[in-house]
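First comes the structure, then the notes that go with it.
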Amino acid sequence: MISRRAFLASVGGLVCVAVARPARTLPPIALARHEAFMRLAIAEGRKNPMWPFGAVMVQPESGEVMARGVNDSQADPILHGEIVCMQDYVRRHGNRGWASLVLYTTAEPCPMCMSALVWAGIPQIEIKAKAVVDASPFYKGMLLGGVLQAETDRLFMDRRKTP
Ligand SMILES: [Zn+2]
């Protein structure tokens, strides 16, 4: 099994899309908008130089950033960037509206995060993430890898290696 770290070096940023339309189709968001939102996720990731896993959740129609998060696993092992972002969303907007959101994250979600996203209803899980999605027929979202991959890969290559 490939490690998450090794996988990151080849995958780069990931976009998770929650859609209420036919499965495995992206809402019509231009690549430039995906890149703009991924830059916000990268900015979140830079807040933790050792573990630059950052995420933002966006309302795609309005472009409003609904939540943000960065890995805080030094405080709590489950506080991965996606989890922190989801908690920020619930704190600000309540536990609803997940299916209308798009999540941008600087790296492919781990199984914990992917499962949390699936259970929240943001269409997504890594065993790899794609394998979880393919094994979740109820899941209507899709994964789009490679958005600003060079920048997200650089984030991890340049990360601080010691506290
Ligand atoms: Zn995770």
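The values are calculated or read from the model by the stated rules, or taken from the named source; none is laboratory data. Computed from a predicted model, the values in this text were never measured in an experiment. Here the Cβ is made from the backbone with ideal geometry for all residues, glycine too, and neighbour counts use every protein chain on show.
Taking the criterion of being more than 20 Å from T162 (Cβ to Cβ) and within 14 Å of the ligand (Cβ to nearest atom), the residues of segment 55-78 that qualify are A55, G69, D76, I78. Scanning segment 79-96 for residues that are surrounded by 15 or more Cβ atoms within 10 Å (Cβ to Cβ) and away from the ligand (no atom under 16 Å from the Cβ) yields one hit, H93. Entry remark, segment 85-125: residues being touching a Lys or Arg at 6+ places or on another chain (Cβ under 8 Å), under 17 Å from M38 (Cβ atoms) and not charged (D, E, K, R) number 2 in total. The number of residues in segment 54-65 that are part of a strand (DSSP E or B) and farther than 19 Å from A107 by Cα comes to 2.
What tally of residues in segment 109-142 results from selecting those that are modelled with pLDDT under 75 and either assigned to a loop (DSSP other than H, G, I, E, B) or over 16 Å from G81 (Cβ atoms) (or both)?
Residues in segment 109-142 being modelled with pLDDT under 75 and either assigned to a loop (DSSP other than H, G, I, E, B) or over 16 Å from G81 (Cβ atoms) (or both): 20 in total.
Of all residues in segment 99-119, none satisfies being away from the ligand (no atom under 11 Å from the Cβ), under 14 Å from the mean Cα position of the chain (by Cα) and among the acidic types (D, E).
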